[in-house]
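The values are calculated or read from the model by the stated rules, or taken from the named source; none is laboratory data. In this text, all values refer to a predicted model and were calculated from it rather than measured experimentally. With ideal geometry, Cβ positions are generated from the backbone for all residues, glycine too; neighbour counts draw on all protein chains shown. Calculation scope for accessible area: heavy atoms of the full protein, side chains included, ligands and nucleic acids excluded. Shrake-Rupley method; radii C 1.70, N 1.55, O 1.52, S 1.80 Å.
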Amino acid sequence: MTDLLTLGETMAAFRTTGPLRLGGTAGISVAGSESNVAIGLARLGHQATWVGVTGADEPGELVRRTLRAEGVDLTWSRVDEAAPTGLIIFENRVADINRVTYHRSGSAGSRLGPADVTRAFDAPGPPPRLLHVTGITCALGVEPYQAVVEAVRRARTAGSTICLDVNHRNRLWSVSEAAAALRPLLPSIDLVVASDDELSVLTDAADPAAALLSAGVAEVVVKHGAGGATSHSATDTIHRPARTVPVVDTVGAGDAFVAGLLSGWLDGVDASGRLDRAVTTGAFAVATRGDWEGLPDRAELALLDHGPGG
Ligand code: CKP
Ligand code: MG
């Protein structure tokens with residue numbers, strides 16, 4: 001079927017150079033955590049499938065056209081005539097600090113449901129090697145959450161490896177709501193990705209990584225922002241510092257990190273090599289403007305090793 005299947009909402013994104021209330025010009029692009037990961041993998045040469053819903057409108061066309069252009073498979077995505085494509089506004093305030101506003105409540109993207117997932121998994125051919133889900137999709141409503149539950153159930157039965165990125169968004173739900181939704185998924189999750197401050201969504205334990213491993217998760221990857229990342233498994237704890245790059249825009253860095261990590265997994269790279277690739281793709285996102293635009297292709301992966309002119 002595909003290397004990676006992921007599901008979520010992708011919105012039209014407006015990026016201003018100052019406060020929106022002052023008017024002026026905005027850059028228009030698309031944004032969505034799961035499709036950022038799909039684009040990251042497609043750029044690295046993997047087959048990535050995004051399941052999502054867009055409106056029958058120009059922002060929806062922008063989303064579909066962009067993902068198609070990036071080589072992401074949209075076979076199991078659909079257009080909903082009755083709801084608009086969601087919008088996200090990034091208002092640049094100071095240096096890398098953006099004010100983020102969502103206009104996504106009642107959006108087409110939030111009409112994703114279990115039937116969308118069933119269609120994808122019922123397709124002829126082998127199951128996806130990887131399923132990637134995030135807390136954002138779970139936060140969009142009952143139906144999107146049920147879509148994630150169904151995807152995890154089907155992937156588990158099919159033998160796909162399942163990755164969960166906590167991706168907590170306090171504009172969408174509280175930590176306790178996220179905990180109630182995500183903790184029941186854990187027995188089926190193989191790989192957890194979380195930032196330090198997101199671990200409390202998944203467990204109350206004093207040693208969260210150890211608790212998640214003993215709950216059956218095979219690998220827990222914890223992101224420390226500028227402090228790099230640590231991979232915990234039953235046999236190893238591996239740390240990698242972040243790669244030193246100028247910080248231009250940190251939005252999308254987490255998704256870029258996941259794309260590198262999962263790309264390494266698809267290539268059969270060991271845990272330390274996977275972490276190397278993850279901090280590298282994360283650094284590309286941090287050093288470039290946009291959520292996914294600066295993600296590397298295969299040949300560019302080595303760029304940061306060479307430096308200027310290399
Ligand atoms: O955790 P990240 O900064 O990598 O996630 C960024 C994405 O999906 C961004 O594209 C935005 O649209 C979102 O997270 C979101 O819904 O907040
Ligand atoms: Mg994230």
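For the stretch 104-147, what are the residues that are within 16 Å of ligand 2 (Cβ to nearest atom) and either farther than 21 Å from LEU266 by Cα or open to solvent by 10 Å² or more (accessible area, probe 1.4 Å) (or both)?
GLY135, ILE136, THR137, CYS138, ALA139, LEU140, listed by residue number.
Could you list all residues from the stretch 154-171 that are within 23 Å of ASP116 (Cα to Cα) and away from ligand 2 (no atom under 13 Å from the Cβ)?
Answer for the stretch 154-171, where residues must be within 23 Å of ASP116 (Cα to Cα) and away from ligand 2 (no atom under 13 Å from the Cβ): ARG154, ALA155, ARG156, THR157, ALA158, GLY159, SER160, THR161, ILE162.
Between residues in the stretch 190-215 that are touching a residue at least 60 places away in the same chain (Cβ under 8 Å) and of a type in the set (Val, Ile, Thr) and residues that are open to solvent by 20 Å² or more (accessible area, probe 1.4 Å) and away from ligand 2 (no atom under 13 Å from the Cβ), which pairs lie under 6 Å by C-beta distance while being six or more apart or on different chains?
VAL201/VAL175
Out of (1) in contact with a strand residue (DSSP E or B) (Cβ under 6 Å, 6 or more places away or on another chain); (2) within 16 Å of ligand 2 (Cβ to nearest atom); (3) of a type in the set (Gly, Ala, Ser), what's the single condition that is false for ALA48?
Here ALA48 clears every test but (2).
Considering every residue within the stretch 177-193, establish whether at least one is farther than 16 Å from HIS132 by Cα, in contact with a His (Cβ under 8 Å, 6 or more places away or on another chain) and either at pLDDT below 95 or surrounded by fewer than 16 Cβ atoms within 10 Å (Cβ to Cβ) (or both).
no
Being open to solvent by 50 Å² or more (accessible area, probe 1.4 Å), more than 15 Å from ligand 1 (Cβ to nearest atom) and among the polar types (S, T, N, Q) is the filter here, so list the residues in the stretch 164-176 that pass it.
Passing the criteria: only SER176.
Which members of the stretch 49-88 meet the condition of being open to solvent by 60 Å² or more (accessible area, probe 1.4 Å) and among the basic types (Lys, Arg)?
Scanning the stretch 49-88 gives ARG65, ARG68, ARG78.
Take residues that are more than 23 Å from LEU5 (Cβ to Cβ) and tell me which of the helices (runs of 4 or more DSSP H) falling wholly in the stretch 199-310 contain 2 or more.
Details: elements: 199-202, 208-214, 253-266, 271-286, 303-306.
Where helices (runs of 4 or more DSSP H) fall fully within the stretch 199-310 and carry at least 2 residues being more than 23 Å from LEU5 (Cβ to Cβ), they are 199-202, 208-214, 271-286, 303-306.
Could you say which residue among SER29, SER35 is crowded, with 23+ Cβ neighbours inside 10 Å, small (Gly, Ala, Ser) and within 11 Å of ligand 1 (Cβ to nearest atom)?
After ruling out the rest, the residue left standing is SER35.
Could you run through the stretch 216-274 and say how many residues are within 16 Å of ligand 1 (Cβ to nearest atom), among the hydroxyl-bearing types (Ser, Thr, Tyr) and modelled with pLDDT of 95 or more?
Qualifying residue count, the stretch 216-274: 1.
Report, ordered by the first and then the second residue, all pairs with beta carbons closer than 6 Å, sequence separation of six or more or different chains, a first member in the stretch 164-189 that is in contact (Cβ under 8 Å) with a residue 24 or more places away in the chain, and a second member that is open to solvent by less than 70 Å² (accessible area, probe 1.4 Å) and of a type in the set (S, T, N, Q).
ASP165/THR134; ASN167/SER33; ASN167/THR134
Residue-by-condition table, conditions (1) open to solvent by less than 10 Å² (accessible area, probe 1.4 Å); (2) of a type in the set (Asp, Glu); (3) closer than 17 Å to HIS46 by Cα; (4) out of contact with any Asp or Glu (no Cβ under 9 Å at 6 or more places or on another chain):
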| residue | (1), (2), (3), (4) |
| --- | --- |
| ALA256 | yes, no, yes, no |
| ALA259 | yes, no, yes, yes |
| VAL269 | no, no, yes, no |
| ASP276 | no, yes, no, yes |
| PHE284 | no, no, no, no |
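Restricting attention to the stretch 107-144, which residues are in contact with a strand residue (DSSP E or B) (Cβ under 6 Å, 6 or more places away or on another chain) and not β-branched (Val, Ile, Thr)?
If the condition is that a residue be in contact with a strand residue (DSSP E or B) (Cβ under 6 Å, 6 or more places away or on another chain) and not β-branched (Val, Ile, Thr), then ALA108, GLY109, ARG111, LEU112, ASP116, ALA120, PRO128, LEU130, LEU131, HIS132 are the ones that fit.
List every residue pair whose Cβ atoms sit under 6 Å apart, with the two residues 6 or more apart in sequence or on different chains, where the first one lies in the stretch 103-122 and is farther than 16 Å from ILE136 by Cα and the second, anywhere, is among the aromatic types (Phe, Trp, Tyr) and at pLDDT 95 or above.
Cβ pairs passing all conditions: ARG119/TRP76; ALA120/TRP76.
Look through ASP236, ASP197 and report the one residue that is over 16 Å from the mean Cα position of the chain (by Cα) and away from ligand 2 (no atom under 16 Å from the Cβ).
On the way: ASP197 fails: away from ligand 2 (no atom under 16 Å from the Cβ).
When all the criteria are applied, what remains is ASP236.
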